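The values are calculated or read from the model by the stated rules, or taken from the named source; none is laboratory data. Just so it is clear, the model here is predicted, and its values are computed rather than measured. Glycine gets a Cβ as well: all are built from the backbone with ideal geometry, and neighbour counts include every protein chain shown.
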């Protein structure tokens, strides 16, 4: 008799794990942009400005007229209202899978950079922002 509750608990944990991994796969697909140039790092990075798109993505400006879309591995809930952004780098280089993003309000809550896309111009920046905002609206 005792094994039935344990089996039900194990089954519910397994099903919730499958659901969360499915949601993770769906989010990964949404934040993949084949039309953009994907890069593994940003050399000589000096942040000149930034704007949040949603809790999983941020656009950073580096040197005049060069912008990058950073896709984060986890969401930063306060990103939309953050007063400042912290991006780690080593010797001025920001790398995928190594560096992180956090806000000045909560610097201990960090999200690893999962992908970096180079944005060619303001129109491309606006198109990608609209596409990501459409994801959020459809949820």
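Observations on the structure shown:
- Any hit, region 9-23, residues being within 19 Å of residue 130 (Cα to Cα) and either over 19 Å from the mean Cα position of the chain (by Cα) or at pLDDT 90 or above (or both): no
- With respect to the conditions (1) assigned to a strand (DSSP E or B); (2) touching a residue at least 24 places away in the same chain (Cβ under 8 Å); (3) more than 21 Å from residue 36 (Cβ to Cβ), residue 59 falls short on a single one, namely (3).
- Set 44, 77, 126: member being part of a helix (DSSP H, G or I) and exposed (fewer than 15 other Cβ atoms within 10 Å of the Cβ): 126
- In the set 130, 111, 134, 82, only one residue is within 13 Å of the chain's Cα centre (by Cα) and in the same structural domain as residue 41 (by TED's automatic domain parsing); that residue is 111.
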